[in-house]
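Only the coordinates and a few stated rules stand behind these numbers; no lab work does. On a predicted model such as this, the values are computed, not experimentally measured, just so you know. Positions of Cβ are backbone-derived with ideal geometry, glycine not excepted, and every protein chain shown enters the neighbour counts.
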Amino acid sequence: MELTDISNDINEWFNGSGPMADVVVSSRIRLARNLAGHKFLSRCSNHEKNEILEKLRDVMMSLDLGDKVFYISVDKEPILNKHFLVERHLISRHLAFGKGPRGVVIAEKEFFTAMINEEDHLRIQVFKGGCQLAQCAEQINRIDDMIEEKVNFAFSPRYGYLTACPTNLGTGIRVSVMLHLPALKMTGQIEKFFNAAKDMSLAVRGLFGEGTEAASDLYQLSNQVTLGVSESAIISQFENSIIPEIIEYENAARSQLLSNQPELLDDKISRAIALLQNAHLISSQEALFLLSHLRLGINMHKYMGASTPAIEKLRTLCGADQTSRLSIATINRLFMLTLPAHLQLNYGKPLDPTHRDALRAEIIRSALSQDAQSKS
């Protein structure tokens, strides 16, 4: 399977479906594991890394996941392909640009990936759209059990699963949700979210994980404590406390915009429509934020019944036909497919920044134009 087989569309967990998807874009659970009898990767020779890679690759390729899987030797991939895999959220930047033998096993529907020789010997992750952490947990635990039937993981009765980074010690679990919080940003309340997350020992990262800044008002929120806390307790806290509170804060900020600052809301949405429909050069960062404002407008109309001049204009652009309207899925698709590596992979060759900006603008203009014309 080639990366171009998946690069021209989005996967199911990023298509705007799933519970609470107006705020919770996606859910992810990741488990960190290391093989018993082997050193941590920081102490391994390339020969031992190869042994680990070959063993885990064979195990992962043999699993019955209900979907076909394919393997990529990340260390041998061109730089553009590495950037694509990171943009796609299929691998981390650490795996993409690390050293030594390393690879990834990916389910064709992209709900599951297994990173081999990242920071730990193995990091498996499961994705779903919207708020579906319990479903992610059920699926990843089943996969983890299948793997443990074939290999022995480094485990301590006192400390749990042994991991390269102490923050993953114990369960080795990382629970993560991708959140769209434009109203908190517009109303100047996003710092409260950051401070509250810090107080609860949660990590807030940008769209592409550790070391990245927020783009398009998308944030990744995850747990930092794994030792001494059960997987079920972490997931329960997210589902029953953390996520409902964040959704409440974001929805309150959206209501505040509508009631107290309708001009600001209209300005953001109107500027986004005008620029995206007419720009001939647009950077990745600018496109992400403008698309974010369209996503906010669509969601406010869909879930809150909001009506302002700009939202009405956006509703007209969306159209009444559910099969052709500009939807959250359309916005999410543009989020992903206009990222630099996606653009270049689908175009067939590397492009300089100016040509990328021109191609990005053309793709967005075309998408908005087609949706506008399809209702006539």
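Report ³J(HN,Hα) in whole Hz for each residue of region 122-127, in order, from the Karplus equation J = 6.51 cos²θ - 1.76 cosθ + 1.60 where θ = phi - 60°; Gly and Pro get x.
9, 10, 9, 9, 10, 10
Here are a few candidate values for Cα Rg over 2.2 N^0.38 Å: (1) 1.02; (2) 1.10; (3) 1.32. Which one was actually calculated from the structure I just gave you?
Correct label, based on the coordinates given: (1).
When the chain is treated as a GNM, springs tying every alpha-carbon pair under 10 Å, which of Q132, Q189, Q224 comes out with the largest mean-square fluctuation?
Among Q132, Q189, Q224, the largest mean-square fluctuation in the Gaussian network model of the chain belongs to Q189.
Between V59, V177, V204, find the one with the highest GNM mean-square fluctuation for the chain; connect C-alpha pairs within less than 10 Å.
The residue with the greatest mean-square fluctuation here is V59.
Once you have the Kirkwood Rh of region 101-198 from its Cα pairs, apply Stokes-Einstein at 20 °C and 1.002 mPa s and quote D in µm²/s.
Diffusion coefficient, whole number: 134 µm²/s.
Suppose only helical runs count, i.e. DSSP H with n ≥ 4. What mean residue ellipticity at 222 nm does that imply for the chain under -39500 (n - 2.57) per run, divided by all residues and rounded to the nearest 500 deg cm²/dmol?
So the calculated ellipticity at 222 nm is -14500 deg cm²/dmol.
Please give the residues of region 153-185, grouped as numeric ranges, whose backbone N is less than 19 Å from a label point set 7 Å along the Cα-to-Cβ vector of L227.
So the set is 154-175.
Read phi for every residue in region 287-300 and hand back ³J(HN,Hα) as whole Hz from Karplus 6.51 cos²θ - 1.76 cosθ + 1.60, θ = phi - 60°, with x for Gly and Pro.
4, 4, 5, 5, 5, 4, 5, 5, 4, 4, x, 4, 5, 5
Taking the Cα centre of each part, how many Å lie between region 245-266 and region 41-59?
Computed from Cα coordinates, the inter-centre distance equals 50 Å.
What residue among A233, A272, A306 shows peak mean-square fluctuation when the chain is described by a Gaussian network model with Cα springs under 10 Å?
Of the options given, A233 has the highest mean-square fluctuation.
Using a cut-off of 28 Å between alpha-carbon atoms, which lysines can reach K76, once sequence neighbours fewer than 8 places away in the same chain are excluded?
Hits, sequence-local ones excluded: K39, K49, K55, K68, K99, K109, K150, K349.
Alpha carbon centre of region 130-201 versus region 274-312: separation in Å?
Between the Cα centres of region 130-201 and region 274-312 lies a distance of 31 Å.
Pop out the ³J(HN,Hα) list for region 339-348 in order, Karplus 6.51 cos²θ - 1.76 cosθ + 1.60 with θ = phi - 60°, rounded to Hz; leave Gly and Pro as x.
For region 339-348, the Karplus-derived couplings read 5, x, 5, 4, 4, 6, 5, 6, 6, x Hz, x marking Gly and Pro.
Add +1 for every Lys or Arg and -1 for every Asp or Glu among the other residues with Cβ under 12 Å from the Cβ of D75, and state the total.
+3
Where does helix 243-260 land angle-wise versus the long Cα axis of the chain, in degrees 0 to 90, nearest 10?
Between the helix axis and the principal axis of the chain, the angle is about 20 degrees.
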